[in-house]
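**Q** Mind having a look at this structure? Questions to follow.
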Amino acid sequence: METEHKTEFTKAFPADIPLISKMIEKLYNGENTAFDETKVNSALLELIEDESYGACWILTSGADCAGYMIIGSAFSVEFGGRTAFIDELYISENYRGKGLGRKALEFAENYAGEKGYTYLRLEVELSNTTAQKIYRANGFKEHERYIMTKKLK
(Lines give C-alpha, C1' and ligand atoms only; values in the text may rest on other atoms or scores of the structure.)
Protein backbone atom coordinates (compact mmCIF):
# COMPACT_ATOMS: atom_id res chain seq x y z
CA MET A 1 0.00 0.00 0.00
CA GLU A 2 1.37 3.40 -1.01
CA THR A 3 1.88 5.88 1.83
CA GLU A 4 0.17 9.24 1.32
CA HIS A 5 2.54 12.11 1.93
CA LYS A 6 1.45 15.44 3.29
CA THR A 7 1.19 18.05 0.56
CA GLU A 8 2.62 21.44 1.43
CA PHE A 9 2.46 24.76 -0.39
CA THR A 10 5.50 26.95 0.22
CA LYS A 11 5.52 30.52 -1.06
CA ALA A 12 8.35 30.94 -3.54
CA PHE A 13 11.40 33.12 -2.95
CA PRO A 14 13.81 34.51 -5.55
CA ALA A 15 16.23 31.65 -4.78
CA ASP A 16 13.52 29.20 -5.97
CA ILE A 17 13.36 30.66 -9.48
CA PRO A 18 15.76 28.13 -11.11
CA LEU A 19 13.70 25.20 -9.75
CA ILE A 20 10.38 26.74 -10.81
CA SER A 21 11.78 27.74 -14.19
CA LYS A 22 12.75 24.11 -14.93
CA MET A 23 9.17 23.01 -14.17
CA ILE A 24 7.77 25.83 -16.30
CA GLU A 25 9.93 24.63 -19.18
CA LYS A 26 8.46 21.12 -18.82
CA LEU A 27 4.92 22.53 -18.73
CA TYR A 28 5.50 24.72 -21.78
CA ASN A 29 7.13 21.90 -23.73
CA GLY A 30 4.12 19.70 -23.00
CA GLU A 31 1.77 22.42 -24.25
CA ASN A 32 3.91 23.43 -27.26
CA THR A 33 4.38 26.89 -25.74
CA ALA A 34 7.57 28.83 -26.45
CA PHE A 35 9.86 28.91 -23.41
CA ASP A 36 12.13 31.93 -23.01
CA GLU A 37 14.11 31.40 -19.80
CA THR A 38 15.12 35.06 -19.47
CA LYS A 39 11.51 36.31 -19.76
CA VAL A 40 10.18 33.57 -17.48
CA ASN A 41 12.77 34.27 -14.79
CA SER A 42 12.22 38.02 -15.00
CA ALA A 43 8.43 37.62 -14.69
CA LEU A 44 8.82 35.18 -11.79
CA LEU A 45 11.07 37.62 -9.94
CA GLU A 46 8.59 40.46 -10.46
CA LEU A 47 5.71 38.28 -9.21
CA ILE A 48 7.61 37.00 -6.18
CA GLU A 49 8.76 40.47 -5.16
CA ASP A 50 5.36 42.21 -5.51
CA GLU A 51 2.36 40.46 -3.93
CA SER A 52 -0.05 42.86 -5.64
CA TYR A 53 0.46 40.74 -8.76
CA GLY A 54 -0.37 37.47 -6.99
CA ALA A 55 1.90 34.71 -5.74
CA CYS A 56 3.77 31.53 -6.61
CA TRP A 57 4.02 28.38 -4.52
CA ILE A 58 6.12 25.26 -4.70
CA LEU A 59 4.15 22.07 -4.02
CA THR A 60 5.90 19.39 -2.04
CA SER A 61 4.85 15.86 -1.23
CA GLY A 62 6.90 14.48 1.62
CA ALA A 63 10.41 15.81 1.01
CA ASP A 64 10.02 15.95 -2.79
CA CYS A 65 9.16 18.86 -5.05
CA ALA A 66 5.93 17.85 -6.77
CA GLY A 67 5.03 20.96 -8.76
CA TYR A 68 4.20 24.63 -8.60
CA MET A 69 1.23 26.96 -8.83
CA ILE A 70 0.97 30.61 -9.82
CA ILE A 71 -2.07 32.73 -8.98
CA GLY A 72 -2.34 36.15 -10.54
CA SER A 73 -4.50 39.06 -9.51
CA ALA A 74 -6.92 40.56 -12.01
CA PHE A 75 -9.89 42.94 -12.01
CA SER A 76 -13.17 42.28 -13.77
CA VAL A 77 -16.29 44.41 -13.60
CA GLU A 78 -18.28 41.44 -14.90
CA PHE A 79 -17.06 39.29 -12.02
CA GLY A 80 -17.53 41.90 -9.30
CA GLY A 81 -14.04 43.34 -8.95
CA ARG A 82 -10.84 41.64 -7.88
CA THR A 83 -10.53 38.11 -9.23
CA ALA A 84 -7.85 35.50 -8.72
CA PHE A 85 -6.56 33.67 -11.76
CA ILE A 86 -4.73 30.34 -11.63
CA ASP A 87 -2.18 31.24 -14.26
CA GLU A 88 -0.21 28.02 -14.04
CA LEU A 89 -0.59 24.76 -12.16
CA TYR A 90 1.99 22.07 -12.82
CA ILE A 91 2.16 18.68 -11.15
CA SER A 92 5.27 16.61 -11.91
CA GLU A 93 4.48 13.48 -13.90
CA ASN A 94 5.26 11.02 -11.09
CA TYR A 95 2.81 12.84 -8.76
CA ARG A 96 -0.15 13.02 -11.13
CA GLY A 97 -3.23 11.03 -10.22
CA LYS A 98 -2.49 11.25 -6.49
CA GLY A 99 -4.87 14.10 -5.60
CA LEU A 100 -2.34 16.94 -5.70
CA GLY A 101 -4.33 18.85 -8.33
CA ARG A 102 -7.43 18.72 -6.12
CA LYS A 103 -5.39 19.86 -3.11
CA ALA A 104 -3.90 22.71 -5.15
CA LEU A 105 -7.38 23.87 -6.17
CA GLU A 106 -8.54 23.77 -2.55
CA PHE A 107 -5.47 25.75 -1.52
CA ALA A 108 -6.10 28.29 -4.31
CA GLU A 109 -9.74 28.69 -3.28
CA ASN A 110 -8.77 29.28 0.35
CA TYR A 111 -6.05 31.75 -0.64
CA ALA A 112 -8.45 33.66 -2.91
CA GLY A 113 -11.12 33.78 -0.21
CA GLU A 114 -8.68 35.03 2.42
CA LYS A 115 -7.45 37.76 0.03
CA GLY A 116 -11.01 38.92 -0.68
CA TYR A 117 -11.19 37.93 -4.34
CA THR A 118 -14.71 37.56 -5.76
CA TYR A 119 -13.96 34.71 -8.17
CA LEU A 120 -11.28 32.15 -8.90
CA ARG A 121 -10.69 31.59 -12.61
CA LEU A 122 -8.32 29.49 -14.70
CA GLU A 123 -7.56 28.45 -18.21
CA VAL A 124 -6.85 24.96 -19.46
CA GLU A 125 -5.61 23.62 -22.77
CA LEU A 126 -8.46 22.23 -24.87
CA SER A 127 -6.50 18.99 -25.26
CA ASN A 128 -5.97 18.54 -21.49
CA THR A 129 -9.15 16.61 -20.79
CA THR A 130 -7.76 15.07 -17.58
CA ALA A 131 -7.31 18.51 -16.00
CA GLN A 132 -10.72 19.61 -17.28
CA LYS A 133 -12.37 16.72 -15.41
CA ILE A 134 -10.58 17.70 -12.20
CA TYR A 135 -11.60 21.35 -12.60
CA ARG A 136 -15.24 20.47 -13.28
CA ALA A 137 -15.31 18.12 -10.28
CA ASN A 138 -14.10 21.05 -8.17
CA GLY A 139 -16.83 23.45 -9.26
CA PHE A 140 -15.28 25.22 -12.26
CA LYS A 141 -17.54 25.82 -15.25
CA GLU A 142 -16.83 26.65 -18.89
CA HIS A 143 -17.85 29.91 -20.47
CA GLU A 144 -18.94 30.16 -24.08
CA ARG A 145 -15.87 32.26 -24.83
CA TYR A 146 -12.37 31.98 -26.13
CA ILE A 147 -9.45 33.58 -24.41
CA MET A 148 -7.71 35.64 -27.08
CA THR A 149 -4.28 37.16 -26.71
CA LYS A 150 -2.32 39.91 -28.39
CA LYS A 151 1.33 40.52 -27.58
CA LEU A 152 2.02 44.19 -26.85
CA LYS A 153 5.80 44.23 -26.40
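The values are calculated or read from the model by the stated rules, or taken from the named source; none is laboratory data. What you are looking at is a predicted structure, and each value in this text was computed from that prediction instead of being measured. Because the Cβ atoms are built from the backbone with ideal geometry, glycine has one as well, and the counts that use them run over all protein chains shown. For the accessible areas, the whole protein counts, side chains as well, though only heavy atoms, and no ligand, DNA or RNA atoms are used. Shrake-Rupley method; radii C 1.70, N 1.55, O 1.52, S 1.80 Å.
**Q** Got a sec? Which of Ala15, Ala63, Ala34, Ala74 is surrounded by 12 or more Cβ atoms within 10 Å (Cβ to Cβ) and over 17 Å from Arg96 (Cβ atoms)?
**A** Answer to the selection: Ala74.
**Q** If I filter the stretch 37-60 down to residues being touching a Pro at 6+ places or on another chain (Cβ under 9 Å) and open to solvent by 60 Å² or more (accessible area, probe 1.4 Å), which single residue comes out as nearest to Thr149 (Cα to Cα)?
**A** Step by step, filter the stretch 37-60, then rank; the result is Leu45.
**Q** Looking at Glu109, Glu114 in this structure, which one is under 14 Å from the mean Cα position of the chain (by Cα), among the charged types (D, E, K, R), open to solvent by 30 Å² or more (accessible area, probe 1.4 Å) and closer than 22 Å to Glu8 by Cα?
**A** It is Glu109.
**Q** Name the one entry in Glu25, Glu46, Glu8 that is part of a strand (DSSP E or B) and of a type in the set (Asp, Glu).
**A** After ruling out the rest, the residue left standing is Glu8.
**Q** Using the structure shown, decide if Asn128 is polar (S, T, N, Q) and modelled with pLDDT of 90 or more. I'd like the intermediate steps shown before the answer.
**A** Numbers: polar (S, T, N, Q): yes; modelled with pLDDT of 90 or more: no.
It is false that Asn128 is polar (S, T, N, Q) and modelled with pLDDT of 90 or more.
**Q** Scan the stretch 31-49 and report the pairs whose first residue is at pLDDT below 95 and whose second residue is open to solvent by 60 Å² or more (accessible area, probe 1.4 Å), with Cβ atoms within less than 6 Å and a gap of 6+ or a chain change.
**A** Once the first residue is at pLDDT below 95 and sits in the stretch 31-49, its partners that are open to solvent by 60 Å² or more (accessible area, probe 1.4 Å) give Glu31/Glu125.
**Q** Restricting the search to the stretch 77-88, which residues are surrounded by 16 or more Cβ atoms within 10 Å (Cβ to Cβ) and in contact (Cβ under 8 Å) with a residue 40 or more places away in the chain?
**A** The answer is Glu88, and nothing else.
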